[in-house]
Every structure is written in structure tokens, then in C-alpha cells.
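The values are calculated or read from the model by the stated rules, or taken from the named source; none is laboratory data. Remember, predicted model here, so these are calculated numbers, not experimental data. All Cβ positions, glycine included, derive from the backbone under ideal geometry; neighbour counts span all protein chains shown.
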Amino acid sequence: MFKKLILNPISKNIFQKKEIFSKLNFPIKTYHNQVKIINIENKRTSLELFVSVDKEEKLLCFDPHWLRFNCQSENSRQIGTGQRIIPIQNVPKILLIDSVKKKDDCIVIKWDVDSNQPDTIIPIEFLINNNPSELVNDDRYIPCKEIKFFEYFELVDSNGNRNETKIFEWLRHMMLYGLTIVKNLPTEKDMIKNLAELISPIQSTIYDQLFDVKVDQNPINIAYSSVGLEFHMDLMYYESAPGIQFLHCLKFDPEIIGGESIFADAFHIAELFRQKYPDLFSTLTKIPATFQKIHIERKRPVYMVYQRPHIALNHRGKIVAVNWAPPFEGPLTNLSPKETKSYYRAYVEFAKFVYSYNKTIVYRLNPGEAACFNNRRILHARNSFIPNNGIRHFQGCYVNIDEFKSEALVKEFQMKYANASKNVNHIKLDLRKTIVGNQDYY
Amino acid sequence: MSASESLNFINLTNKVDYLQVLVSQNQTEKVLEFEPHWLRFNCQSDKSREPSTGERTITINNVPKDLKIKCAMIENDELIRIVWNELSNQSDSLIPIEFLLNNSPSLSDIDFNKHYLTSNKIFYFDYNSFFTSQIRNDDKIFDWLKSLAEYGLCIVKNVPTKENMLRNLVEMIAPLHRTIYGEMFDVRIDVNPLNLAFSASPLEFHNDLIYYESPPGIQFLHCLKFDESVVGGETLFVDGFQIAEKFRQQHPKLFDVLTKIPASFQKTHDYQGRKIFIQYSKPHIVVNHRQKIIGVNWAPANEGPLRNCTKEEIKAYYEAYLEFNKLVYDKSNITAIRLNPGEVVCFNNRRFIHSRNGFKQAKGSRHFQGCYLTMEEFKSEVLALEFKVNNRNNEQNDEINQAYDICRLKLWNVNVANNDYY
């Protein structure tokens, strides 16, 4: 799907690429080298493929409608855009496979005459990598217990040349662990934009594109003061709350006491909570909380109210989002007394869990350092501080969660398949299954 | 929620484990119950809410599991003060009576209202009426936005057919929502289209940019040129809420399947040096804890392979999927509009699935410009305007406690299909 990319010379050679991979600890298993079809069986109401993938034998089973709708031929997918163009109303309720054969690297399916469907052509690689019955059970993220540091000038040099390999390492770490700090980002105003835009255009919100975190006389947010902030996620009243948050320390005078940033992994906390209190956990996935931002005395008055449960599960009961922002909560509504009681029992206990979590990371940002973290997963807090006439000034911005994940996947694709003409929809990317907290059911 | 308008406070009784409040509504008396924790967390005093931002500052860890009301009394005729049992070590909670009445969780029983409106006709608004000698006419603009929020589809006439005029219209509401298609996009025939929309092909019914966690809220399409010689090209709309409701009535089991088994959406996009690869799974119909429909996700062109599903689930999914599609294409559910130059169709991109008839342009051409707003920003402005229009003559603007004013606004609970559980 993507045109071939010319990367810097080092990655043109596959063997050298493997070396780079092992330095970065990439698992190579998704690089399917040996795929063998052992047997194809047409079961009329299903298709069975007995394959060996990298010497592991498996039986894959495919539903006829799934096959029909995933045809990759020109009849079904528009060439330029990749959009599906199958007229759904012409697909009958009952689909029977007349015959199946292997042609080049594809499976060709002929449907029974009555169904009046064109042949379905699907690359074998697509079938293996997109097998729907492969239930995703491995670890989808790694609990974040420490900070990993990156150097700004290793990501992009002083001439503005990007180091794609290093950038991918940075993105990959934020995908899997949720938190990094980039050092030596020049303490000039708006430099943080340069860092964020390595990923994608900035996500603009009611706090504009870039916001300043420093003590304001009349703060529009308690962050713009010297009080401590409880663990929370930013802008929880947005359906798609900011994905990656960047906080660039411009100034943090030594005479200031306190003001450390604190981070905690909400995914891990929620998992532990589930293990200890399964019933309370369940309550928090069902009864919605209210998040709000109502502020009239503001340049642009804001009236945002949004309800969603604190924890979101997919159809497999996996945690796909955690929503925690006590300062931005509003009144629960539309609940029976029993539900309200049950909610608060779970809520108070979960809050206790958050407070007593012992893997929090406390760090006093130094000027030039930018904390970059998944705002949908890593709770952040701040110790209160005593200015003592010193200045503490951070500049911040956000990147949309879907665009962040997209960039990580694109980079993974480029790293692994740049010189092989692969279709990104046919192969399997490792990072695809990483949970980033955007309520994706996958 | 409008039921709260006519609520009158009668008295309160401390039941220790909860607070009982007697109110009257249309000459009937009702009893409201308030859980102690609900009261504690909704204290509106300076100790609990930061005065300028309204943000809550209660340290949850200091709130015990057990809370009992020692006594409850009325102060200054408008506040309720709750004194907690000594053991709990909680400061008094202060809650305005109005807040209590407007936000009671057990108000008017459990809310099963749909909170949106439907109509057989399309509403028209006149761009020229939005200004009176270059000054914004907030009443007229509010009428337009209110209609757009509640009905989800309307047309603004007389928007000059100059490129980028659309920006002037939409920025009256909020900043444009930038997507991978930029801030504004042109809908006309492109040689190498990024999207089938930028061609003369017919389009299947869909929501735009469905593969995002939060797809664009409101879409605007400004007809700049649509020559009479162009055959076809009508814009078609189907109300996702209505067909989902119909589906629920006609096929309750299949409806259930579509709310549970997630569909796969995807986008690969390579344009001007930027590559996008998004994959996102979510059900076609989203329901909240009351089984109320709060989201509809339909975009066949952007579907990918179903993932992480058992054989039985896949079978059930396709049975439901094919059946639901019939409702999408049922002519009785479709509204067709042939836009005229100068008209801007404004619609809720989450609620209304839209499509286009293919067209032939031998001579003449068809050119629209489009843009989006996020749902939050749209809805926020609707409420801000409602507040402004309602309180124009109100002297006490400065005294308003912003934390509870939202409930005086009628439009805050309009269902705009953005997965809000309310």
C-alpha cells in the first residue's frame, strides 16, 4: 500500500537490518519466512486451511461471509484508496463455497452459482495474519515502573534531519510503557511543538495548541497555580481525551521547594484492582461517572459535560480504557439509590488503590527535559510547591491518541518492510495489539 | 431534565444513612433520596471546589467508606448544610438547594428518554439573518444551532459561493477541526482521488472518519457549484438513530449482536508526505447502561477484517450486519437533497449516515467545500449560547455558580451520538 521508502543507507541491507533489530530487541517472529500450505479443505459452509507458519502447524477456519467481505481483488477493494466497494445488499444471507484453489500467493474461492458472487481472491499472507479466530491473549502492554530517557538531538539533529530508527525506538517505548523523557530539548518557547510534531500535528483543545503551566493570578485551571494536583488524566470531558501529553520544562529554579511530577500506570492499577476486588471493579465498568468543564469567565466560555465509566472493557473483558480525573468530576445523574451507593463503594476503594500504589515514579523535571506520556494511561500528579520567588514554567501540548498509534505502526512497517513491497493491511505488526487506552475493542 | 423546572422544595429530613427531600412537581409530591457520598462529593463550598475554575479539590482518600449525616439544615433559604458524624472527620457540606433539585440522580425516575428529535422535513436557515448590520444576531444563530443539535440536519441558505466562505460560517461556532484531510476539503473530481468522495462515483452510506475514537462531530458541505447539466450527485441522508431503533424493534436479537461484537474499521492514507495507518474496532451500535443508543458507527468502505472473534460470533455478526444494511438502503428511510449553490448542509456526522448518488458531468461541474467541528466544541457553544440568550437580562451574571448552571440549560442532555452515557 505504501510506496517504497528510501531510508538511510544502513537499512537497505536485510542482514544489517537484522542487526539493528537485535540491538533494539525487536522480536522477529512476525517476519514470516516460511509459510507452507499443507492442506486446503472446502467445507462448503467454511474453509479450512492447514498451514505451517515458521514450522508451527495450525488449523485456520474461515467463515464464508468473512471471506467474501475480505476479498482483496479490484472488484472488492478500490485500487487507489483501498476502500471496500462491495455492495452489501447483493451479498446473500447464505453463502456456499463451490471450490477453492491456490493461485500464486492467493486463495481463489468460487461461490455457488445461486449466490451470484464474483470470485473472491485473498492473499494467503492476509489470511494468516488476519485470522479472526486468533484470540489475542498475550500481554498487550508492559507495566511502567521507571522512566526511559531519550536525547532530543538523537531523534533529530541540529540540521533538522530525522533519525527514523531512534524515533521509532522512542515511539515504541511510549506505546509499550507509556512514559519517556526527552532530554536537552532547547529551552526556547514553542520548541515542544518541534518534538510533538515528529509524531503528528498537535491536537488543539480548549487550551489552544500550546499551553503554559506556571503560576497565574487568576488561573483557568488549578494546574496554573502552586497547589498540588492529584493523580488525573487531562481533558477527560472530551470523547477522545488527549493521547500523548508533552510537558517541556523551560524553567524550574533551584530555590523552589517541591513541584515534582509524579506518574502512575493506570492500566496496571486497574488490573491489580480487578484481581483484588472483582465486584467493585465490575461496578466501575458499568456505572458511568460524570466529567465536566464548565467555565464561563473565560475568553471562550466552555460547557463540556461527558459521562463514561471509569473503566472500559471490550467484548473479551479486557481493559481498553481507564478514565480518571477527580478534579473534573461532576454530579452523577440518572442512577437509582442502589447504583449510587454501589458506585461510591467502588469509587472510594479504587481511589484508595490509586493512592497506595507503590510503583509511582517521582521526578523533578530539569530545564530542557520534556516528559512525554500517554495521557490515557499514565496518571500524572504534582507535588505542591513553594516558589520562594523562583519560577517554575513548563510548556505543554498534546497529540491525538489514534494519530500517535498510527505513527508508531507506520514506523514499525517502514522499519521492517521498507524494502519488501508489502501491503500494510496484509502483514501483522507487533504494535497493532498494544493497548493505548483509546477504547479500541481489538 | 425539563421536569426540574417545575420542582419546588418543600422540606428535608435527615435519615442518617441518606437525606430525604420532599418536593412538589405539578401539584404532586415526590420524595428524593440522596446518598451521603453523593452529597459529600457534590459539596459546592470553597473547601471542595476551587472558586475560579470550579474544579473539585476533595482528597478522596480522606473520605471514609462510612458516612452518616449528623444533621441537615437550611441556610439563607437557599443552601443546605450537612454536618457529618464526628467519626468521619469531614467538613460540613454546603449544597445550594437548586443544585440538589437540578442534579438529583433519582430525578424523574431513571431516564429513558431518547433526547433527540426527528422530522420529515428539512429546516432552512438564512445566513443573512445571522448578522444585523455586521453584529452577530445571537438569537438567530442559537435557533440554527439548537435545531442542528436536536434534529441533526439542516441547511443554511445564501452563503456566498466564494472559496473559504464556509470558514466564516463555521468559525462563528468554534475553531475548525483539522483532520487528515486538512481544515477544509474540496469535494470535486480529482485525478488520483485520496478518497472515493473525490470522484464521480456513487458513495455508500457512511459516517466520515469512523476509524477515529472520536470521528468528526458536525460536518458542513457548502455547495459552490452544481451546474444544472450535471446529472445525479444528490446527497442522501439516513438517520442512524431511527434505523437503529427500528432494527431493535424488528430484530431485537440481531440488534443485541451489533451492540456487542465489534466491527473493524481501518484507514491507510498516504498524502503529501504523511502516512496514516489506523485500525480501530468498535460495535456498529453503541448502547449505554440503560440500553439507550448513544452511538452509531457505519462505514462499509472503511471496514477491515473482523478480529478476535469466535466462529459463532462471526456468523451471528454477519447475519445481523446484512439485515441492518437492508434498513440503511430502505428508501423510506432516505432523505435526498440536491444542494443548490450557496447552500450549506449541516449535519451530525455521528448520527446521520450519508452518501451520494454518482454523477455525470459532461459539461458543467459539481464543487463542494467541506469542514468539520468536534462534537465537544459544537455542543459547548450551543450551551454557551443558550446560557447567553436565556440570561441576557439577568443582572446576576457575575454571581453565577458555574458548577450547577448547566442543568438549567435544556440542551445539555441532547443525545448527539458521541458515546456520552448520559
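Candidates in region B:34-65 are the residues that are modelled with pLDDT of 85 or more and among the acidic types (Asp, Glu); of these, the one that is nearest to B:Ser104 (Cα to Cα) is B:Glu35.
Considering only residues in region B:250-275 that are more than 21 Å from B:Met375 (Cβ to Cβ) and among the β-branched types (Val, Ile, Thr), the one that is modelled with the lowest pLDDT turns out to be B:Thr268.
Taking the condition loosely packed, with under 14 Cβ neighbours inside 10 Å and closer than 30 Å to B:Gly304 by Cα, does A:Asp157 pass? The answer is no for A:Asp157. Within region A:431-442, if we keep just the residues that are touching an Asp or Glu at 6+ places or on another chain (Cβ under 8 Å) and crowded, with 19+ Cβ neighbours inside 10 Å, the residue that is farthest from A:Lys214 (Cα to Cα) turns out to be A:Asp440.
Which of the strands (runs of 3 or more DSSP E) found entirely inside region B:153-259 contain at least 1 residues meeting this: touching a strand residue (DSSP E or B) at 6+ places or on another chain (Cβ under 9 Å) and β-branched (Val, Ile, Thr)? It would help to see each step written out before you state the result.
Details: elements: B:153-157, B:185-187, B:203-206, B:218-226, B:235-239.
Passing ranges, in order: B:153-157, B:185-187, B:218-226, B:235-239.
When B:Phe198 is tested against (1) under 18 Å from the mean Cα position of the chain (by Cα); (2) under 28 Å from A:Asn438 (Cβ atoms); (3) not acidic (Asp, Glu), exactly one condition is not met: (1). A single entry from B:Phe131, B:Phe142, B:Phe123 fulfils the requirement of being touching a helix residue (DSSP H, G or I) at 6+ places or on another chain (Cβ under 7 Å), without any contact (Cβ under 8 Å) to a residue 40 or more places away in the chain and not charged (D, E, K, R): B:Phe123.
Counting only strands (runs of 3 or more DSSP E) that fall entirely inside region B:22-135 and contain at least 2 residues that are more than 30 Å from B:Arg290 (Cα to Cα), the qualifying elements are B:69-75, B:79-84, B:93-96, B:123-126. Restricting attention to region B:165-182, the residues being surrounded by fewer than 20 Cβ atoms within 10 Å (Cβ to Cβ) and aromatic (Phe, Trp, Tyr) number 0.
Here A:Arg316 meets each of (1) outside any loop (DSSP other than H, G, I, E, B); (2) farther than 26 Å from A:Gln395 by Cβ; (3) among the basic types (Lys, Arg) with one exception, condition (1).
Just to verify a result, which residue in region B:17-28, among those that are modelled with pLDDT of 90 or more and out of contact with any helix residue (DSSP H, G or I) (no Cβ under 9 Å at 6 or more places or on another chain), is farthest from A:Lys341 (Cα to Cα)? For region B:17-28, the residue satisfying everything is B:Leu22. Only one entry of A:Lys293, A:Lys318 meets the criterion of being closer than 20 Å to A:Arg377 by Cα and at the interface with chain B (Cβ under 10 Å from one of its Cβ atoms), and that entry is A:Lys318. Being over 25 Å from B:Asp330 (Cβ atoms), of a type outside the set (A, V, I, L, M, F, W, C) and surrounded by fewer than 16 Cβ atoms within 10 Å (Cβ to Cβ) is not true of A:Asn70.
Inside region A:332-377, residues that are within 18 Å of A:Arg308 (Cα to Cα), among the aliphatic types (A, V, I, L, M) and touching a residue at least 24 places away in the same chain (Cβ under 8 Å) make up a count of 4.
Screening A:Ile86 with (1) surrounded by 17 or more Cβ atoms within 10 Å (Cβ to Cβ); (2) at positive phi gives one miss only, at (2). Scanning region A:362-391 for residues being surrounded by 17 or more Cβ atoms within 10 Å (Cβ to Cβ) and either closer than 15 Å to A:Gly258 by Cβ or among the β-branched types (Val, Ile, Thr) (or both) gives a total of 5.
So, of the residues in region A:160-203 that are among the polar types (S, T, N, Q) and in contact with a Cys (Cβ under 9 Å, 6 or more places away or on another chain), which turns out to be surrounded by the fewest Cβ atoms within 10 Å (Cβ to Cβ)?
So in region A:160-203, the residues among the polar types (S, T, N, Q) come out as A:161, A:163, A:165, A:180, A:184, A:187, A:194, A:200, A:203.
Next, from what is left, pick out any that are in contact with a Cys (Cβ under 9 Å, 6 or more places away or on another chain): A:180, A:187, A:203.
Working: A:Thr180: 21, A:Thr187: 16, A:Gln203: 25.
My answer is A:Thr187.
Could you run through region B:244-262 and say how many residues are away from chain A (no Cβ under 14 Å) and not polar (S, T, N, Q)? Quick ask: steps written out before the conclusion?
If we filter region B:244-262 for residues that are away from chain A (no Cβ under 14 Å), which is where we start, we get B:244-250, B:252-253, B:255.
Checking the rest, the ones that are also not polar (S, T, N, Q) come to B:244-248, B:252-253, B:255.
Summing the residues that are away from chain A (no Cβ under 14 Å) and not polar (S, T, N, Q) in region B:244-262 gives 8.
Between B:Lys162, B:Lys146, B:Lys140, the distinction of being of a type in the set (Lys, Arg) and surrounded by fewer than 16 Cβ atoms within 10 Å (Cβ to Cβ) belongs to B:Lys162 only. Please indicate, with yes or no, whether at least one residue in region B:349-358 is in contact (Cβ under 8 Å) with a residue 40 or more places away in the chain, more than 30 Å from B:Met172 (Cα to Cα) and either out of contact with any Cys (no Cβ under 8 Å at 6 or more places or on another chain) or crowded, with 17+ Cβ neighbours inside 10 Å (or both). Yes. If only residues of region B:290-303 that are modelled with pLDDT of 90 or more and in a loop (DSSP other than H, G, I, E, B) are counted, the one that is nearest to A:Ile86 (Cα to Cα) is B:Ala299.
Of A:Asp265, A:Asp212, A:Asp208, which residue is away from every other protein chain (no Cβ under 14 Å) and closer than 22 Å to A:Gln292 by Cα? It would help to see each step written out before you state the result.
Values: A:Asp265 fails: closer than 22 Å to A:Gln292 by Cα; A:Asp208 fails: away from every other protein chain (no Cβ under 14 Å).
So the residue among A:Asp265, A:Asp212, A:Asp208 that is away from every other protein chain (no Cβ under 14 Å) and closer than 22 Å to A:Gln292 by Cα is A:Asp212.
Does B:Thr59 fit the bill of being without any contact (Cβ under 8 Å) to a residue 24 or more places away in the chain and at the interface with chain A (Cβ under 10 Å from one of its Cβ atoms)? So B:Thr59 passes the test. Could you say whether any residue in region A:303-314 is in contact (Cβ under 8 Å) with a residue 60 or more places away in the chain, crowded, with 20+ Cβ neighbours inside 10 Å, more than 10 Å from chain B (Cβ to nearest Cβ) and more than 23 Å from A:Asn374 (Cβ to Cβ)? There is no residue in region A:303-314 that is in contact (Cβ under 8 Å) with a residue 60 or more places away in the chain, crowded, with 20+ Cβ neighbours inside 10 Å, more than 10 Å from chain B (Cβ to nearest Cβ) and more than 23 Å from A:Asn374 (Cβ to Cβ).
For region A:114-146, which positions are surrounded by fewer than 16 Cβ atoms within 10 Å (Cβ to Cβ) and more than 30 Å from A:Ser76 (Cβ to Cβ)? Selection gives A:Asn137, A:Asp138, A:Asp139, A:Ile142, A:Pro143, A:Lys145, A:Glu146.
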